[in-house]
Amino acid sequence: MSEWIISILLLIGGFFVLVGSIGLVKMPDFFMRLHGPTKATTLGMASLLTAAMIYFSQLQDGVSAKEILISIFLLLTAPISGYMLIKSAIHHKLKSIERTSGKDKIEDDV
């Protein structure tokens with residue numbers, strides 16, 4: 001039964017990482033490109049790490065702390081780094097296309 005759970009989590013994780021990577025390549029401007037790695041890829045990596053945690057908990061006694069620490073680090077740093085990249089792009093007045101939403105909410109950088 002656990003092999004099925006691990007397989008499903010690996011497929012879900014692989015799907016989200018693939019979608020996030022394609023989004024990183026195919027989106028038209030910088031602001032939209034950040035959604036791929038910060039949203040879909042983070043969810044995919046969390047699913048892959050959960051599958052690894054289940055797999056290695058079967059081989060060893062107890063839960064592996066490495067996967068938990070990697071998951072916490074990933075879930076904390078991905079949104080923060082995405083936010084810092086957006087703030088830097090706004091500060092440098094990086095151009096965006098007309099379809100980019102939320103441009104009216106950007107404050108002027110003083």
Q. Out of residues 5 or more away from S64 or on other chains, whose amide H comes under 5 Å of its own, with H placed 1.01 Å from N in the peptide plane?
A. S57
Q. How do D29, D61 rank by accessible surface area computed with a 1.4 Å probe, from largest to smallest?
A. D61, D29
Q | Quarter of the Cα convex hull surface for the chain, i.e. its orientation-mean projected area (nm²) | A | 8.4
Q.
Under a crude label model (7 Å from the Cα following the beta-carbon direction), how far is L69 from S88 in nanometres?
A. 2.7
Q: Give me the accessible area of S57, 1.4 Å probe, in Å² rounded to the nearest 10.
A: 40
Q | Residue-span extension gain [H35 to S2] - 0.36 nm each, minus C-alpha spacing | A | 8.7 nm
Q: Give the accessible area for H92 in Å² (nearest 10); use a 1.4 Å probe, count only protein heavy atoms, and leave out ligands, DNA and RNA.
A: 130
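The values are calculated or read from the model by the stated rules, or taken from the named source; none is laboratory data. For clarity, every value in this text was computed on a predicted model and none was experimentally measured. Neighbour counts are summed over all protein chains in view; Cβ atoms, including those assigned to glycine, are modelled from backbone coordinates with ideal geometry. The accessibility values were calculated without ligands, DNA or RNA, using every heavy atom of the protein model including side chains. Shrake-Rupley method; radii C 1.70, N 1.55, O 1.52, S 1.80 Å.
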